[in-house]
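Where a number appears in this text, it was derived from the coordinates with a stated rule and is not lab data. Please read these numbers as outputs of a predicted model, since none were measured by experiment. Virtual Cβ from ideal backbone geometry, glycine too; neighbours counted across all protein chains shown.
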Amino acid sequence: MRFSTLFTKTRKDAPKDEIAKNAQLLIKAGFIHKEMAGVYSYLPLGKRVQEKIISIVREEMDKIGGQELVMTSLQKKEVWEITDRWDDEKVDVWFKAKLKNDTEVGFGWSHEEQITAMMKDYISSYRDLPANVYQFQTKLRNEVRAKSGVMRTREFVMKDLYSYSRSEEEHNEFYNKVIEAYHTIYKRLGIGDATFFTFASGGAFTQFSHEFQTLTEAGEDTIYLHRDKKIAINEEVLTDEVLSQLEIKREELEKVKAAEVGNIFSFGSNKCEQIGLYYSDKDGSQKPVVLGSYGIGITRVIGVIVELFSDEKGIVWPENISPYTVHLVSLAGEDENVKNRANEVYEQLTTKGIEVLFDDRADVPAGQKFSDADLIGIPHRIIVSTKTGEKVEYKARMGNESQLMSLDELISKFI
């Protein structure tokens, strides 16, 4: 991508009403545009980051047998009334509207009910199970006060997976596979060392749900961390009974702030019984399906990563999710030889499949180009100037030293 054709621009200041560091940096660097409180558009650079994260999550969900689909965002009132979750007093984040024919509908804040109702058309026998389906979809939640930048919004992208199993044993086997897959995902996203498996409130069906919490002072949750066991307990369930059950002593725990980047729930067979999802077993008996739900907030993860990986100059993207691998800066000015050399470097890198953001702007001084590169946060920077000759200057975003390389040496660094 040539910077000269990128319609977005960096900016010195974020909107005055934006107090979250993650949103300030993402706006200034041209990754997102703030539409209103809690609502952001994702611009080309931000979309690339989002797609990199989605690709990693998709790969790990496919590995454990997930099948991808996309459900409609419009929700039937009747399905949610069955489980008593249409009532605004039970679920206070609904966005609701009426169709032209006066039919009341909701906009999806979650999809357990809707997908389970759909699965009645596809699950009838033990031979149809297990079935594990997931989607990447925009969710809408009518938050009273959207805050924390893209970490808590009224509109966001989520990966939600739903597992349908014949028994608790079969469900637990898959549940544990998801736990391992989530650990792998967070490691690949660059936040594995800061993300902990956390015991949280289980709601109506189980004693616990489980969260994946990433340590950050920008987080909204308080958790109690056991570093040796690599687990944590959400403050909401920290009781002597829970400590005893987990064989943990209170004095072994460290109180920290964290942001939830994923959650998993066991619903048992209750929801499937409510909605009427049963299967015929080998002996012909009718049994309810066991349901699990597994979420990762894709856009929330972006905010958490920016909170963790940034400095006074801007964002520092982990390599796996950076919008581009290389930020190529041309300092040609009016020198046609340098212009041609920079274009040659760009063409050769892209031909080799290396993703490049090429700052080819002719009317922008060197200082602003370097400042923009720091703000945008691509991990590898390449400079072509009158000083580099037939070579290029390489510098890591977080490095202080630069070095001259031949183009072949540079390419071999990334292939």
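What is the ratio of the Cα radius of gyration of the range 324-414 to 2.2 N^0.38 Å, where N is its residue count, to two decimals? Before the final figure, lay out the partial values.
Working: Rg = 11.9 Å, N = 91, 2.2 N^0.38 = 12.2 Å.
Cα Rg divided by the expected 2.2 N^0.38 Å: 0.97.
May I ask you to list the lysines whose Cα is less than 24 Å away from that of residue 282, ignoring any residue fewer than eight positions away on the same chain?
List returned: 120, 271.
Enter the angle in degrees (range 0 to 90, nearest 10) between the Cα long axis of helix 298-308 and the first principal axis of the Cα atoms of the chain, meaning the one along which they spread out most.
For helix 298-308, the angle is close to 50 degrees.
Taking every pair of alpha-carbon atoms in the range 79-129, what share in percent sits in each 5 Å bin, from 0 to the bin with the longest distance?
With a bin width of 5 Å, the distribution comes to 4, 16, 23, 20, 16, 9, 7, 4, 0.
Can you pull the Kirkwood radius for the range 266-312, inverse mean 1/r over Cα pairs, to one decimal in Å?
Details: mean 1/r = 0.0718 Å⁻¹.
After inverting the mean inverse Cα-Cα distance, the result is 13.9 Å.
In what sequence do 241, 18 fall when counting other Cβ within 10 Å, fewest first?
With the fewest neighbours first, 241, 18 line up as 241, 18.
Using the Cβ atoms and a cut-off under 13 Å, what net charge is assigned to the surroundings of residue 159, where Lys and Arg are +1 and Asp and Glu are -1?
Working: positive: 58, 139, 300; negative: 51, 59, 60, 62, 68, 160.
After counting each charged neighbour, the total is -3.
What dipole magnitude, in Debye to the nearest 20, does the range 333-415 give about its Cα centre under +1 on Lys/Arg Cβ and -1 on Asp/Glu Cβ?
Dipole magnitude for the range 333-415 comes out near 260 debye.
How much length would be gained if the chain were fully extended between residue 81 and residue 386, taking 0.36 nm per residue of separation minus their Cα-Cα distance, in nm to one decimal?
Computed gain between residue 81 and residue 386 is 102.8 nm.
For the range 63-107, please report how many Lys pairs fall under 29 Å Cα to Cα, leaving out neighbours fewer than 8 apart on the same chain.
Pairs that pass both the separation and distance tests number 10.
On each of the three principal axes of the Cα atoms of the chain, give max minus min coordinate, whole Å, ordered largest first.
80, 60, 46
I need the fraction of alpha carbon pairs in the range 136-212 separated by more than 22 Å, rounded to a whole percent. It would help to have the intermediate numbers written out before the result.
On the way: 1227 of 2926 pairs.
For the range 136-212, the share of Cα pairs beyond 22 Å comes to 42 percent.
Work from the charge dipole of the range 324-414 (Cβ charges, +1 for Lys and Arg, -1 for Asp and Glu, about the Cα centre) and give the residue of 342, 373, 384 farthest towards its positive end.
373
For the chain, modelled as a Gaussian network with Cα springs under 10 Å, which listed residue fluctuates most, 293, 285, 330?
Judging by the Gaussian network model, the answer is 285.
Quick one: helix 168-188 against the long Cα principal axis of the chain, what's the angle to the nearest 10°, folded into 0 to 90?
10 degrees
Provide the packing ranking of 195-201, 209-215, i.e. peptides ordered by the mean count of other C-beta atoms within 10 Å per residue, highest first.
Per-residue mean Cβ counts within 10 Å order the peptides as 209-215, 195-201.
What is the distance, in nm, between label points placed 7 Å from the Cα along the Cα-to-Cβ direction at residue 273 and at residue 12?
In this crude spin-label approximation the distance works out to 6.5 nm.
Calculate one ³J(HN,Hα) per residue across the range 51-68 by plugging θ = phi - 60° into the Karplus curve 6.51 cos²θ - 1.76 cosθ + 1.60, and present them in order as whole Hz with x for glycine and proline.
So the Karplus estimates, Gly and Pro as x, are 5, 5, 5, 4, 4, 5, 4, 4, 4, 6, 5, 5, 4, 9, x, x, 10, 7 Hz.
Rounded to whole Å, give me the distance from the Cα center of the range 337-415 to that of the range 242-289.
So the separation of the two Cα centres works out to 50 Å.
For the range 1-74, take the alpha-carbon Rg, divide it by the Kirkwood Rh, and send me Rg/Rh.
Across the range 1-74, the Cα-based Rg/Rh ratio is 1.09.
What Rg and what Dmax come out for the range 67-200 when only alpha-carbon atoms are used, in angstroms?
When restricted to the Cα atoms of the range 67-200, Rg and Dmax are 17.1, 52 Å.
Out of the range 279-336, which GluC sites (Glu not before Pro) are coil in DSSP terms and have no more than 15 other C-beta atoms within 10 Å?
Values: sites: 307, 312, 319, 334, 336; in loops: 312, 334.
Sites meeting the loop and neighbour criteria: 312, 334.
Where does helix 336-351 land angle-wise versus the long Cα axis of the chain, in degrees 0 to 90, nearest 10?
That works out to roughly 30 degrees.
In deg cm²/dmol, rounded to 500, what helix-only [θ] at 222 nm does the chain give when every DSSP H run of at least 4 residues adds -39500 (n - 2.57) and the total is split over its residues?
So the helix-based figure for the chain works out to -9000 deg cm²/dmol.
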